[in-house]
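A quick write-up on the structure given underneath.
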Amino acid sequence: MPPSRSKCPPQGIRDYEGTADRLAAMSGYPQTCMDKRPVARHSLLKMTAKSGHKIPGFKKRYKQTEKKVLQSTKKRYEKSDTKTAKKTAQKNDTKKRYKQTGREETYMSKIDLNCDLGESFGAYTIGMDVDVIPLISSCNIACGYHASDPLVMRRTISLAKEAGIGIGAHPGYPDLMGFGRRNLNVSPEEAAAYVTYQLGALYAFAKSAGAQIRHVKPHGALYNMAGKDFSLALAIAKAVKAFDPSLILLGLSGSESIRAAQEIGLPYAREVFADRAYMPDGSLMPRNREGAVIHDENEAILRVIRMVKEHKVTACDGNDIEIVPDSICVHGDNIKALTFVTQIRSTLEAEGIQIAPLSEIIYS
């Protein structure tokens, strides 16, 4: 005959061995539960004593059950800790890579607006530098190979310093006749030497003016070839890093130039173009093809806003391609450069996007 209700062990005792979750909370994981275990154990033992029943082997079963639950809980928390550790490691690795590359996410609240300048030489005037400089945040100054001359370099640095914009070197192939836009068959070592040579020239003028070079952007054919040729891009990146590891390499978004900078831990900025058409692979359409250069300011502005907000641009085949901008370029020799820069800046600011130099967006 079953014992009467008054003679039965308390409910807490009868259900004890099935309450693994309760014991898990008493196991010491997390720390805040650590003090609950002794109290709970005391309460259960007290309940046993008050019931007047002697449960054979209760204390032994209690300890065995508690040990199993502790072991099971420990394993569960160790697995959780492992997952947490992996997530933390991934986060730290991301931070490390951003630190190495000088990258800081700005979520497009800031963007650089740059222009290739200082490309006049001798008796020839190219671009509208004096009018454009107040509207941009960074300039890329030709270094004497594809364009410019010593007087132009010195004058452009002076104008940039006075305006408080970022100063960058714009080295190209030694091709004055072709304005640096013709492909040259040179080795990566030669290209690296060209970059170093031109960096040294502009640096001398910057230092004498009390200014500082913040970034480097290859010009024309050198830029486009490096965007597709990793060995060439790597040679250029190494030359820049050897000259000054804090310099930011400005390269086409998604190109081999960006990958090369990432490879060696050189700060980099991803560039997009307001006045150029794109190929389906993300490269710039060759200038000898119809439609390569955009002259309609309304079209240029719409493309820029979409690149900044949606990270997309429509290629020449009508399909969208992914593109991430840190800096927007308008070519100084474009006949509508001044109109483009003025309207692009006003439109971006109206959208709540601040125009800032690369030194405020990319940190070395």
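If we scan the range 229-243, do we find a residue that is charged (D, E, K, R) and more than 17 Å from E189 (Cα to Cα)?
Our first condition is that a residue be charged (D, E, K, R); within the range 229-243, this holds for 229, 238, 241.
Those left that are additionally more than 17 Å from E189 (Cα to Cα): none.
Scanning the range 229-243, I find no residue that is charged (D, E, K, R) and more than 17 Å from E189 (Cα to Cα), so the answer is no.
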| field | Conditions (1) buried (at least 20 other Cβ atoms within 10 Å of the Cβ); (2) within 18 Å of T314 (Cβ to Cβ); (3) touching a Lys or Arg at 6+ places or on another chain (Cβ under 7 Å); number of the one not met by L266 | value | (2)
| Has the range 314-332 got any residue that is assigned to a loop (DSSP other than H, G, I, E, B), among the hydrophobic types (A, V, I, L, M, F, W, C) and under 18 Å from the mean Cα position of the chain (by Cα)? | yes
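Would you confirm, using the coordinates I've provided, whether E256 is within 17 Å of I344 (Cβ to Cβ), buried (at least 20 other Cβ atoms within 10 Å of the Cβ) and in the same structural domain as N114 (by TED's automatic domain parsing)?
On the way: within 17 Å of I344 (Cβ to Cβ): no; buried (at least 20 other Cβ atoms within 10 Å of the Cβ): yes; in the same structural domain as N114 (by TED's automatic domain parsing): yes.
The answer is no for E256.
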| request: Answer yes if at least one residue in the range 199-212 is over 22 Å from S138 (Cα atoms) and in the same structural domain as L135 (by TED's automatic domain parsing), and no otherwise. | output: no
| task | State all residues of the range 326-342 that are at pLDDT 90 or above and surrounded by fewer than 21 Cβ atoms within 10 Å (Cβ to Cβ); if no residue qualifies, say none. | result | T342
| request: Could you list all residues from the range 201-260 that are under 29 Å from R287 (Cα atoms) and aromatic (F, W, Y)? | output: Y223, F230
| query | Is at least one residue of the range 241-260 within 20 Å of P174 (Cα to Cα) and β-branched (V, I, T)? | reply | no
| Failed item, numbered, when A274 is tested on (1) modelled with pLDDT of 95 or more; (2) touching a Phe, Trp or Tyr at 6+ places or on another chain (Cβ under 9 Å); (3) surrounded by 21 or more Cβ atoms within 10 Å (Cβ to Cβ) | (1)
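The values are calculated or read from the model by the stated rules, or taken from the named source; none is laboratory data. Note that the structure is a prediction, hence the values are computed from the model and not measured. As a convention, Cβ positions derive from the backbone with ideal geometry for all residues, glycine included, and neighbour counts pool all protein chains shown.
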